[in-house]
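The values are calculated or read from the model by the stated rules, or taken from the named source; none is laboratory data. Predicted model only: the values in this text are computed from it and were never measured. We place every Cβ from the backbone using ideal geometry, glycine too, and count neighbours over all the protein chains shown.
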Amino acid sequence: MAKVIVVTSGKGGVGKTTSSAAIGTGLALTGAKTVVIDFDIGLRNLDLIMGCERRVVYDLINVINGEANLQQALVKDKRTPGLYILPASQTRNKDALSKEGVEKVINDLKADGFEYIICDSPAGIEQGAMMALYFADEAIVTTNPEVSSVRDSDRITGMLSSKSKRSEMQLNPVKVHLLITRYCPERVEKEEMLSIEDIDDLLGIDLLGVIPESQDVLSASNLGEPVILNQDSDAGKAYQDAVDRLIGIERELRFVKFEKKGFLSRLFGA
Amino acid sequence: MGLLSYFRKESPKKGSAKLAKDRLQIIVAHEHSSAASPAYLPELQCEIVAVIRKYMDISSDDVKCEFIDKAEDGISVLEVNVALPRNK
Ligand SMILES: Nc1ncnc2c1ncn2[C@@H]1O[C@H](COP(=O)(O)OP(=O)(O)O)[C@@H](O)[C@H]1O
Ligand SMILES: [Mg+2]
């Protein structure tokens, strides 16, 4: 059965697009045909993060309006077999996303054999964000350890349980996962930053993973290569763990404790 | 949550994270209770006041309607409190 997974947050700039690209790539690497749809109409970015911006011809709105078909609009990833992206329109506004239009695109993708349909949500709680979450079977609520992000995540979790198709049709509720990103164990240790346990207490959502704050995320976006492909990077490994948990493999949390440098390494500056 | 159990520990907080958590706890609880409250509640309250006024003299402040969502028990409660004036 195909799964529709929305990557959402309410707040902007918390790592939704970074996570959509990483998790979409990780899922495709398991051999499952995967598409990542950019719902950020007017602020297309997923193509840049995935490094396929020069191959975008048509977009989601073109498909919804019948100006192009799905095959013309899907961009095949050059590195990862079985991975596709459906770009956002750069020129229209978010009201161009109709519920019927989005539903048809999702159904056509399912008919085409896609197993994972990842919806990269725009920020906010307007039409674009609502359409990105409406058809979701599962949600990855992306949260930074910071007050406004946690509050917005709580808000969007409420929307998932009241404004999604699953809630309106009284089906099984959307399965909601928490993904904490930009986590700094050192600042948590100093009690300057909300901890994983704090966020877990506040939101009460199942934890999918914790991605550390990492410079590798910036270099990955500079290169246009999802950070999960960099398995030398803590952030890349943490995304891989999250993907594994998503498909049911148990993984212990890593990179969540501040490692104080030992006496010898301090002495030798290692 | 299984993943968390092994490093969950309670310790006194000193930095600003503690304050952040306390503030969030309050605002999140508040938003949950107001999100659950249906939009028709003010109108319902006005109509109840009107009905009771047919029989006795009360002011609109004497009727309090509150919607309480007891998600854990799978029910919602509509609590209506009418304060009756003495000797009327
Ligand atoms: N784990 C991380 N460590 C460091 N920077 C990050 C991390 N995750 C995201 N970022 C940075 O945060 C910014 C916003 O990320 P993005 O994925 O575009 O967020 P959103 O899609 O939620 O608006 C980007 O500059 C990105 O490089
Ligand atoms: Mg984004």
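With respect to the conditions (1) of a type outside the set (A, V, I, L, M); (2) surrounded by 15 or more Cβ atoms within 10 Å (Cβ to Cβ); (3) within 13 Å of chain A (Cβ to nearest Cβ), residue B:31 falls short on a single one, namely (2). Applying the condition of being among the basic types (Lys, Arg) and under 22 Å from the mean Cα position of the chain (by Cα) to the stretch A:55-102 and asking which residue is nearest to residue A:5 (Cα to Cα) yields A:99. Is the stretch A:215-235 home to any residue that is under 16 Å from the mean Cα position of the chain (by Cα) and among the polar types (S, T, N, Q)? Scanning the stretch A:215-235, I find at least one residue that is under 16 Å from the mean Cα position of the chain (by Cα) and among the polar types (S, T, N, Q), so the answer is yes.
Out of the residues in the stretch B:59-76 meeting the condition of being surrounded by fewer than 11 Cβ atoms within 10 Å (Cβ to Cβ) and assigned to a strand (DSSP E or B), tell me which one is modelled with the highest pLDDT. Here the residue is B:75.
Restricting attention to the stretch A:8-65 and to residues that are within 9 Å of ligand 1 (Cβ to nearest atom), assigned to a loop (DSSP other than H, G, I, E, B) and more than 22 Å from residue A:155 (Cα to Cα), the residue that is farthest from the other protein chains (Cβ to nearest Cβ) turns out to be A:45.
Sort out for me the helices (runs of 4 or more DSSP H) sitting completely within the stretch A:112-222 that have 3 or more residues that are of a type outside the set (Phe, Trp, Tyr), without any contact (Cβ under 8 Å) to a residue 24 or more places away in the chain and surrounded by fewer than 22 Cβ atoms within 10 Å (Cβ to Cβ).
Values: elements: A:127-134, A:147-162, A:165-168, A:185-189, A:196-203.
Answer list for the stretch A:112-222: A:147-162, A:196-203.
Report yes if residue A:145 is within 16 Å of ligand 1 (Cβ to nearest atom) and more than 14 Å from chain B (Cβ to nearest Cβ), otherwise no. Considered against the rule, which asks whether it is within 16 Å of ligand 1 (Cβ to nearest atom) and more than 14 Å from chain B (Cβ to nearest Cβ), residue A:145 comes out as no.
Answer with yes or no whether residue A:37 is under 13 Å from residue A:87 (Cβ atoms) and among the aliphatic types (A, V, I, L, M). Spell out how you get there, then give the answer.
Numbers: under 13 Å from residue A:87 (Cβ atoms): yes; among the aliphatic types (A, V, I, L, M): yes.
Criteria met by residue A:37.
Does residue A:201 count as more than 11 Å from chain B (Cβ to nearest Cβ) and either touching a strand residue (DSSP E or B) at 6+ places or on another chain (Cβ under 6 Å) or more than 16 Å from residue A:142 (Cβ to Cβ) (or both)? No: the conditions fail for residue A:201. Of the residues A:29, A:48, A:43, only one is within 24 Å of residue A:219 (Cβ to Cβ) and modelled with pLDDT under 95; which? When all the criteria are applied, what remains is A:43.
Can you find, within the stretch A:211-233, the residue that is farthest from the other protein chains (Cβ to nearest Cβ) among those that are within 16 Å of ligand 2 (Cβ to nearest atom) and under 16 Å from residue A:15 (Cβ atoms)?
A:221
Would you mind stating whether residue A:208 is of a type in the set (A, V, I, L, M, F, W, C), within 16 Å of ligand 2 (Cβ to nearest atom) and within 14 Å of chain B (Cβ to nearest Cβ)? When the stated conditions are applied, residue A:208 does not pass them.
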